[in-house]
1. Quick check: anything in the stretch 68-81 modelled with pLDDT of 95 or more and in contact with a Pro (Cβ under 8 Å, 6 or more places away or on another chain)?
2. Looking only at residues that are within 28 Å of ARG397 (Cβ to Cβ) and exposed (fewer than 13 other Cβ atoms within 10 Å of the Cβ) in the stretch 118-139, which one is modelled with the highest pLDDT?
3. For ALA31, work out the one condition from (1) closer than 23 Å to VAL192 by Cα; (2) assigned by TED's automatic domain parsing to the domain that holds ALA380; (3) of a type in the set (Gly, Ala, Ser) it doesn't fulfil.
4. Can you tell me which residue in the stretch 55-113 is surrounded by the most Cβ atoms within 10 Å (Cβ to Cβ), limited to those that are among the basic types (Lys, Arg), within 19 Å of PRO45 (Cβ to Cβ) and touching a strand residue (DSSP E or B) at 6+ places or on another chain (Cβ under 9 Å)?
5. Within the stretch 76-95, is there a residue that is more than 21 Å from ARG405 (Cβ to Cβ), touching a Cys at 6+ places or on another chain (Cβ under 7 Å) and touching a residue at least 24 places away in the same chain (Cβ under 8 Å)?
6. Tell me the residue from SER69, SER48, SER24, SER65 that is more than 20 Å from VAL175 (Cβ to Cβ) and without any contact (Cβ under 8 Å) to a residue 12 or more places away in the chain, please.
7. Of all residues in the stretch 229-285, count the ones that are more than 17 Å from LEU312 (Cβ to Cβ) and surrounded by 19 or more Cβ atoms within 10 Å (Cβ to Cβ).
Amino acid sequence: MAKLEIIGGKKISGTIKVAGNKNSVLPIMTASLLTQATCVLENVPEISDVSAMIKLLEIAGAKISRKGSKLTINARTIKSVEFPPSITEKLRASVLLLGPMLARVGKIRIGYPGGDIIGRRSLDSHIQVLTSFGARIEEENDLFISNAQKLKGTEIFLQEASVTATENAIMAACVASGQTTIKRAASEPHVVDLCHFLVNMGADISGIGTNVLEVTGVKNLSGAHHTIRPDHIEVGTFAILAAVTSSKLTIYPIIKEDLDMILLTLKKFGVNYQIEADKLTIKESKLTAVEKVVTDVWPGFPTDLMAPMIVLATQAEGVTILHDWMYESRMFFVDKLLSMGAKVEIADPHRVLVYGPSKLRGQKLDTPDIRAGIALVIAAIAAHGKSEIDKSELIERGYENIVERLSALGVRIREVS
């Protein structure tokens, strides 16, 4: 079990490079199972979730080589359709194997996907998608089993705008016979990135970036060379770090249209920033509370930034209500902020009231999930004194080389055993 030791209380400075989007690369990796040809991915983040997905693809029979941020995948032959719970329980994104495996070989036996414990995330939307294409679903002990003789194009109105259910539907539709219409589709940047990759493979998709997708199935998909887009959640995370420490920081590369709601929210808090080309520079800022921050489906405020935003609110003058209706356990890490001296009131499992500014002090903490973990890192950097954060391997699931990258900004941080 890894541990981070952080001595906070000082400003940061410099430039930080944004990694490839974690939520883009994982579905794109599974999409490589749709073709017998070779796929080459660039700007792949060096995170443990990618390593876990590599193991799953290798179980399926894919040949994979990795050199730095370049990943080469060839799934000429599918050798296994069974994915053990021992791996899938560590990776929520393992659910993204459902669409490609059914499209490629018509069957899959997979352990229930795990991942962060931030609230119940059922497979109901995925079951809706699979059965719409004609698949049969069974459950056997810890295995989720699905079979389909041939996927047929269909019309799907998603019961929720689930990102991963949308991605499974798109991947299945690309090689299903006939046309598929996906209504209430998620339209996050990572869904757009997956669509662009599939189009590079020869898929016929229209409506990319909207909530209605039209997909006409093709007989065969080719290989593709694709660069993963920069992670807008990382951009927001590092922007919050700079704002909380009242520091100047340049963040690159960015895609501005991915950041509209994030930047609007930061601006309301009084964060000063400047954009030049693909660079975002956060300047020293005096933070003021806003009435409310509420997560929403894209292009609303992303749930993955709620935990860091709570930390930002602890340094803003006044009272802020922060509301995440998506996950009932997203707020439960705030007890750790309370131990650091923050003034936070839990209204219910989905809402907290933050009173700022608070002087944070170093504390011994542990990481409940990826996003709460990076929020605690931000709090520790802003706090006076030394903090120790246990279970830091969870943070490494979503943020590559975080110790090295933060050290380069002047953060006094090290990993200890």
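1. Checking the stretch 68-81: at least one residue is modelled with pLDDT of 95 or more and in contact with a Pro (Cβ under 8 Å, 6 or more places away or on another chain).
2. Among residues in the stretch 118-139 that are within 28 Å of ARG397 (Cβ to Cβ) and exposed (fewer than 13 other Cβ atoms within 10 Å of the Cβ), the one modelled with the highest pLDDT is ASP124.
3. Failing condition for ALA31: (2).
4. We begin by selecting, within the stretch 55-113, every residue among the basic types (Lys, Arg); these are 55, 63, 66-67, 70, 76, 79, 90, 92, 104, 107, 109.
Now drop any that are not within 19 Å of PRO45 (Cβ to Cβ), which leaves 55, 66-67, 70, 90, 92.
With the extra rule that they be touching a strand residue (DSSP E or B) at 6+ places or on another chain (Cβ under 9 Å), the set shrinks to 66, 70.
Values: ARG66: 15, LYS70: 13.
Only one residue fits best here, namely ARG66.
5. So far as the stretch 76-95 goes, no, none of its residues is more than 21 Å from ARG405 (Cβ to Cβ), touching a Cys at 6+ places or on another chain (Cβ under 7 Å) and touching a residue at least 24 places away in the same chain (Cβ under 8 Å).
6. Working: SER69 fails: without any contact (Cβ under 8 Å) to a residue 12 or more places away in the chain; SER48 fails: without any contact (Cβ under 8 Å) to a residue 12 or more places away in the chain; SER24 fails: without any contact (Cβ under 8 Å) to a residue 12 or more places away in the chain.
Exactly one residue qualifies, and that residue is SER65.
7. Start the filter on the stretch 229-285 by keeping residues that are more than 17 Å from LEU312 (Cβ to Cβ), which leaves 229-231, 250, 252-258, 260, 274-279, 281.
Add one more test, that the residue is surrounded by 19 or more Cβ atoms within 10 Å (Cβ to Cβ), and what stays is 229-231, 254, 258.
The qualifying residues number 5.
Per-residue answers, yes or no, for (1) over 18 Å from ALA103 (Cα atoms); (2) free of Cβ contacts under 8 Å to residues at least 60 places away in the same chain; (3) outside the structural domain of ALA176 (by TED's automatic domain parsing):
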residue: HIS196; (1), (2), (3): yes, yes, no
residue: VAL199; (1), (2), (3): no, yes, no
residue: GLY202; (1), (2), (3): no, yes, no
residue: ILE205; (1), (2), (3): no, yes, no
residue: ILE208; (1), (2), (3): yes, yes, no
residue: VAL212; (1), (2), (3): yes, yes, no
residue: THR216; (1), (2), (3): no, no, no
residue: ASN220; (1), (2), (3): no, no, no
residue: GLU234; (1), (2), (3): yes, no, yes
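The values are calculated or read from the model by the stated rules, or taken from the named source; none is laboratory data. These numbers were taken from a predicted model, which means no experiment stands behind them. Every residue, glycine as well, gets a Cβ built from its backbone with ideal geometry; the counts of neighbours run over all protein chains shown.
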